[in-house]
Amino acid sequence: MNGRFRGTLLVAVVAFALSGCVGPAAPPDMFYRIEPAPPASRFATPPLPGVLEVERLSADGVVAERALAFAAKEGGPLGHYKYEYWSEPPGVLLQDRLSRHLAAAGAADRVVTPDIGVLADWTLRGKVRRFEQLAATGQVAVELQLSVISRSGELVLLESYGVQVPAGSDKIEAAAAAIERGVSEVFTRFVADLGRLRTGKSAQ
């Protein structure tokens, strides 16, 4: 057996041995978007006349991460999936969708985000409290705290909106779709509360 043949045989043996040590390939990363339902109607007169600025919603811990969060049961510890992500962090994702929703509803004459850099008459601030799959019950939980503050610093609205929505399946795709429905319900309730405001002229 010449040296070249032995070398080729050794390479083949090592390659075969290594191939047996390689496990199954990791699944591809999946990224989920949220597109809440549009408002059912538009205000004839904006409840927040002037410019409304929607800030990025704050979030803490696991809820702030892009990976989809889950709890085995209601009130149980939170974990997150390894390969399933939101397209953006929830605070950014919801800021964008909420600003678009409020603009479509005619909640203000102009709805902007801080990057526009204009002087706002009203500021919307929020916190993502829950944004998770409840694996054992086949539901998802969405809870947002939303507030509106006038330019003068007056708190004109502060409410927490929490919903639990059946997912219909324990699949992650179903959970993401159910969270989207939950966000739609929260947005609808928030817009209804805005409609009950009596703010009068633009904030001073």
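Points to keep in mind about this one:
- D29 paired with R66, simple spin-label distance in nm, labels 7 Å along Cα-to-beta-carbon: 0.5
- Computed from Cα atoms, the angle from the helix 3-21 axis to the main principal axis of the chain rounds to 40 degrees.
- For the chain, the convex hull spanned by the alpha carbon atoms encloses 168 Å³ per residue.
- Average Cα contact separation per residue, the stretch 140-204, under 8 Å, 6 or more apart, as relative contact order %: 35
- Three-way shape call for the stretch 28-75 based on the alpha-carbon gyration tensor, with the a/c threshold at 1.5: prolate
- Computed over the stretch 29-195, relative contact order equals 26 percent, with contacts defined as Cα pairs under 8 Å that lie 6+ residues apart.
- Computed E for L158/H80 - FRET, C-beta separation, R0 22 angstrom, nearest 0.05: 0.15
- Cα centroid separation, the stretch 60-103 to the stretch 140-172 (Å): 13
- Gyration tensor over the Cα atoms of the stretch 98-148: the corresponding equivalent ellipsoid has semi-axes (square roots of 5 times the eigenvalues, largest first) of 30, 12, 9 Å.
- Dipole check for the chain: with +1 at the C-beta of Lys and Arg, -1 at the C-beta of Asp and Glu, and the Cα centre as origin, the magnitude is about 260 Debye.
None of the figures in this text is laboratory data; all of them are computed from the coordinates on show. Keep in mind that what you see is a predicted model, and the values were worked out from it rather than measured. Cβ atoms come from the backbone with ideal geometry, glycine included; neighbour counts cover every protein chain shown.
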